[in-house]
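The values are calculated or read from the model by the stated rules, or taken from the named source; none is laboratory data. All of these numbers come straight from a predicted model, not from anything done at the bench. Note that we place each Cβ from the backbone using ideal geometry, even for glycine, and neighbour counts take in every protein chain shown. The area values use the complete protein model at the heavy-atom level, side chains included, leaving out ligands, DNA and RNA. Shrake-Rupley method; radii C 1.70, N 1.55, O 1.52, S 1.80 Å.
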Amino acid sequence: FAPTRLPSIDALADAFCVCDNWYSEVPGPTQPNRLYMHAATSAGYALNDWSHIFDFRTIYNSLEDAGCTWATYDFDQNEVQEFSQVNTQKACFRDFATLFASDVESNKLPNYSFVIPRFLSAQQPANSQHPPQDARYGDNFIADAYDALRANAGLWQKSALIVLYDEHGGLYDHVIPPSDNIPNPDGINSPPPGVTVSWAPKFAFDRLGFRVPAIIASPWVAKGKVDSTRYQHTSVLATLKALFGLSSFLPKRD
């Protein structure tokens with residue numbers, strides 16, 4: 001896209017840090033990669049199954065154990081609701097449109113927030129930038145999150161906004177996904193026990209997925225920086241462990 005077509009993410013890229021070597025965890029679709037974002041494993045799932053409930057620990061359990069706060073902000077679909085160990089905590093599941101900016105303004109933003117775009121085009125267009133949706137709605141969504149944070153100067157000075165995509169969207173990339181030192185997180189291969197559908201791929205979770213766009217916007221990063229360190233989605237979880245002194249709480253990918 002030309003810079004003028006997606007001005008918000010282009011401005012963040014110029015003003016803050018672009019990561020050009022960030023990989024998804026699974027060479028597969030949305031849900032497995034999002035499971036890794038929350039729990040450092042997909043429990044053997046390499047396909048989407050939005051009806052399945054997962055009963056294992058997440059980053060949110062570990063934050064709670066350390067006395068930290070968390071919340072998710074969404075519009076409609078929220079995959080964190082599929083984790084049985086946290087999905088009963090209604091106060092932690094918040095509406096982005098009505099609560100995110102007000103929580104920032106009133107200094108009620110939790111220690112860690114996971115912000116989820118609108119998936120479904122019902123009353124309003126989806127803003128997830130998932131094809132075939134218009135990518136400009138997602139650019140506006142990124143701007144809304146950033147502008148809300150910048151409106152509270154004190155909170156912004158101790159914040160980092162990570163703009164990340166769960167998977168590569170089927171677009172070609174010339175960089176081969178890494179397979180060195182990529183452990184299967186819990187020894188469960190795809191398809192996992194109980195999954196018998198014919199389209200479940202055979203996969204040992206021993207390599208990463210393709211690169212994805214990633215931007216870190218924060219007063220703590222250098223202006224116009226390009227970081228070519230190899231990162232993956234669970235790098236966020238590893239950072240949270242270091243930042244908040246969390247225990248070793250998840251499988252081998254965190």
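Observations
- Screening Ser42 with (1) modelled with pLDDT under 95; (2) closer than 17 Å to Leu250 by Cα; (3) under 17 Å from the mean Cα position of the chain (by Cα) gives one miss only, at (1).
- Criterion: charged (D, E, K, R) and modelled with pLDDT under 95 - qualifying residue of Lys158, Lys202, Lys225: Lys225
- Restricting the first member to the range 65-80 and to residues that are over 19 Å from Asn33 (Cα atoms) and open to solvent by 20 Å² or more (accessible area, probe 1.4 Å), and the second to residues that are at pLDDT 95 or above and of a type in the set (A, V, I, L, M), the beta-carbon pairs closer than 7 Å and six or more apart or on different chains are Phe75/Ala97.
- Some residue of the range 6-26 being of a type in the set (Gly, Ala, Ser), in a loop (DSSP other than H, G, I, E, B) and without any contact (Cβ under 8 Å) to a residue 24 or more places away in the chain: no
- Index of the failed condition, Phe205 passing every other in (1) under 30 Å from Pro3 (Cα atoms); (2) crowded, with 19+ Cβ neighbours inside 10 Å; (3) in contact (Cβ under 8 Å) with a residue 24 or more places away in the chain: (1)
- Put simply, of His174, His168 the only residue that is part of a loop (DSSP other than H, G, I, E, B) and exposed (fewer than 10 other Cβ atoms within 10 Å of the Cβ) is His174.
- Among residues of the range 236-254, those that are touching a residue at least 12 places away in the same chain (Cβ under 8 Å) and either open to solvent by 40 Å² or more (accessible area, probe 1.4 Å) or assigned to a helix (DSSP H, G or I) (or both), counted: 9
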